[in-house]
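As structure tokens, the structure follows; a few thoughts come after it.
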Amino acid sequence: MRSIWPALFMLATSCGVAEEGTQPVVTGSFGSKPVVAIPEGNPGHTPRIAVLSVGSGRRTVPGDVVLADVDIRRWSGNEPYLSTHDGHQPTTVVFDGRQVSETWRQSLIGRPAGSRVMLISPAADALGPDLPLTGLAPADTLVLVFDILGGYPPDARLVGRTLPVVPADLTPAARPRVLIDGSGPQVVAGARIVVQYVAASWPSRTVVDSSFRRGGPSAFTLEEGSVPAGWTDALDGLRVGSRVAVPSPGPAPMVYVVDVVDTIAQA
């Protein structure tokens, strides 16, 4: 990890100045669960942001769907609160005018993919979308470490392709079917994948879930238990830009059509 030490004391707009001796130390590489050492001292009351490392990918912009891993812990006692590294599914933040915490906006927008950013803030300002103040007081200080996987347009899709349609003849008992061959980087089991998809129930073929309808792509770790049944075998070895129809048997059988938008190797 390349540390940008001057940035530890630089601030995004409207964030406060770091107090001497009160800066947590974060170790570990981008993509791995961070190890955070919180020093003795007053954390302060004003949100502040520190860029810990700078990635080489595309910068996120307003309007993007930003995919990021986030590790959240209390300053007091260095007590873990939530980590997407444990659940193997990054958080998805849609910056299309919806209500989003300003501290998250300043932490995530304008950053290159591959960057690691730390936010120190009272809980009332620090928690992002869909993260309730469960077990926290608004004044509790939190330390958040973001690994920014990337920003994507909400309508990201395979270039020049129409929206996916579930094949009429595909059943949950069938084998996966590649509908479009991609030419990008290869997807491997265990990697993070960025996808757009539609999911249809069987036998009605009624669309019950669609990332296109929900506002943009999602990221998953391609491993059993982290993705729907059948995805790991169907997507392992494909290339970015592929579209594949994936039967998913089970008590509630489904058929998915998955567009592989990107892949991010694990640390």
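The values are calculated or read from the model by the stated rules, or taken from the named source; none is laboratory data. Note that the structure is a prediction, hence the values are computed from the model and not measured. Here the Cβ positions follow ideal geometry from the backbone for every residue, glycine too, while neighbour counts run over all protein chains shown. What goes into the accessible areas is simple: the full protein's heavy atoms, side chains included, and nothing from ligands, DNA or RNA. Shrake-Rupley method; radii C 1.70, N 1.55, O 1.52, S 1.80 Å.
The table below gives the values:
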| read-out | value |
| --- | --- |
| Most mobile of Val145, Val100, Val255 in a GNM of the chain (Cα contacts under 10 Å) | Val100 |
| Choice from Pro90, Pro138, Pro247 with maximal GNM fluctuation in the chain (Cα, 10 Å cutoff) | Pro138 |
| Rounded accessible area of Thr84 (nearest 10 Å², 1.4 Å probe) | 20 Å² |
| Chain lengthening between Val61 and Ala139 when straightened (0.36 nm per residue, less Cα-Cα) | 25.1 nm |
| Where Asp71, Asp209 fall by accessible area, highest first, once all protein chains stay in place (1.4 Å) | Asp209, Asp71 |
| Accessible area of the chain divided out per residue, in Å², using a probe of 1.4 angstrom | 45 Å² |
| Solvent exposure, largest accessible area first (probe 1.4 Å, DNA, RNA and ligands not counted), of Leu119, Leu136, Leu179 | Leu179, Leu136, Leu119 |
| Total formal charge among the other residues, if their Cβ is under 13 angstrom from that of Ser121, Lys/Arg +1 and Asp/Glu -1 | +1 |
| Area of Arg177 that stays accessible when all protein chains are in place (1.4 Å probe, Å², to 10) | 80 Å² |
